[in-house]
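Read the structure below first, then the notes.
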Amino acid sequence: MELATRIAETEKAVLEELTRLDLSLNEAKILFNLMIRKNSTVTELASATGIARTEMYRYLESLLAKGMVHTTFDRPQRYYALPYKEAIDHLVQTKMSALRSISEKKNDVHRIVDSIVDSMVHQEQAENDAYQVIIGEDAMIAKLTRMIAKTEKEVSMIMHHDELVMLYREGTLSDLYKLASRDISVRIKTSFPRASELLDPAKKKKAIRLDIVDAPQSLNCMICDDKEMIILLNKTSMTKRQETKTFYTNSRFMISAFKVVLDKF
């Protein structure tokens, strides 16, 4: 494989990861080019990335502030990036610190928002049926986690091999076992014959009901308490995780229809 092709393929993968850690696309491009070239001047970076010199200074200032690059006192200045592993660790730690701070403040902010809501006059109306199309595996897992956390009676789901592996990897199956430990009914139907290896019921105090069935490869859904339903619209992929699409609804009519379908297998 030619070096240019290897660089292009590697850059695509690296940019996807860096932008998921809150770098802009241009910041990620600059960081990647500094990584593979060891060091560069503004002129060299502008030539390599196609980013205008006038814009380059702004992005480099941002990367310096974030601790991702450092520079020399030379003229012209040369810029150096953290090695990839250190850069990822640094970005992850930064994001975790920010998320932890937000999480710690959530109760106080929630009380403030509630006090504002209580002070306003609202027109009372019944909750309408609603839906969402959720894009991205991370957003889908977050939605599943919230649904599971609110479940009081039962979870019914049908999942295939790739989807079960994804739920195992993301810890969603552990969340389901926590429900089962509270005597909440959890039922999984799947065509994957080795699903029990993922569920590993022998190590759990409360088993999830597992049924091996014949089911259409396109059917993947989870229903919680007959109140909320989430449907995976396409297969997940490590190279296209941001393209994962999921349909969510609280429509009782749609949920009832899918329950009938699910019970047929």
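Placing dummy labels 7 Å off each Cα toward the beta-carbon, the span from GLU55 to ARG182 is 4.9 nm.
Applying a 10 Å radius around every beta-carbon, put 4-17, 74-87 in order of their mean neighbour count, most first. Before the final figure, lay out each step's value.
On the way: 4-17: 12.7, 74-87: 14.6.
Ranking, from highest mean packing down: 74-87, 4-17.
Rounded to the nearest 10 degrees, what's the angle between the helix 137-150 long axis and the longest principal axis of the chain, both from Cα atoms, 0 to 90? The helix 137-150 is inclined about 40 degrees to the chain. Can you tell me the orientation of helix 252-263 relative to the chain, as the angle in degrees between its alpha-carbon axis and the longest Cα principal axis, to the nearest 10? So the inclination is approximately 80 degrees. Along the stretch 162-167 the Karplus relation, 6.51 cos²θ - 1.76 cosθ + 1.60 evaluated at θ = phi - 60°, assigns HN-Hα couplings of 4, 5, 5, 4, 4, 5 Hz to successive residues, with x for each Gly and Pro. Amide H contacts under 5 Å for VAL186: VAL155, ARG209, restricted to partners 5 or more places along the chain or on a different chain, H placed in the peptide plane at 1.01 Å from N.
Roughly speaking, what is the stretch gain from ARG20 to ALA257, that is 0.36 nm per residue apart minus the C-alpha to C-alpha distance, in nm to one decimal?
Working: separation 237, 0.36 × 237 = 85.32 nm, distance 3.66 nm.
Taking ARG20 through ALA257 to full extension adds about 81.7 nm, to one decimal.
Where only DSSP H runs of four or more residues are counted, the chain gives -16500 deg cm²/dmol as its mean residue ellipticity at 222 nm, each run worth -39500 (n - 2.57).
Evaluated over the stretch 31-121, the count of Lys pairs having alpha-carbon atoms less than 27 Å apart is 10 (only pairs 8 or more residues apart or interchain). Of the accessible area of the stretch 128-183, computed with a 1.4 Å probe over protein heavy atoms only, carbon and sulfur atoms account for 49 percent. For the stretch 1-117, the per residue solvent-accessible surface stands at 66 Å², with DNA, RNA and ligands left out and a 1.4 Å probe. Average the reciprocal distances over every distinct pair of alpha-carbons in the chain, invert the result, and give the Kirkwood radius in Å. By the Kirkwood definition, the hydrodynamic radius is 22.2 Å. For a straight C-alpha distance cut-off of 15 angstrom, the aspartates and glutamates reachable from LYS245 (same-chain residues fewer than eight places away being disregarded) are GLU137, ASP138, ASP162, GLU163. Judged by the ratio a/c of the largest to the smallest principal axis of the C-alpha gyration tensor, the stretch 81-202 counts as oblate, that ratio being 1.5 or greater while a/b is no larger than b/c. Sticking with the crude label model, points 7 Å out along Cα→Cβ, report the distance from ASP138 to ALA13 in nm, one decimal please. Simple spin-label model gives 1.9 nm for this pair. Potential lengthening of the chain between ASP114 and ASP211 amounts to 30.6 nm, from the contour at 0.36 nm per residue minus the alpha-carbon distance.
The values are calculated or read from the model by the stated rules, or taken from the named source; none is laboratory data. Predicted model, so just to flag it, every value in this text is computed and none were measured. Methodologically, a virtual Cβ is constructed for each residue, glycine included, from the backbone with ideal geometry; neighbour enumeration extends over all protein chains shown. Surface accessibility is based on the protein's heavy atoms, side chains included, excluding ligands, DNA and RNA. Shrake-Rupley method; radii C 1.70, N 1.55, O 1.52, S 1.80 Å.
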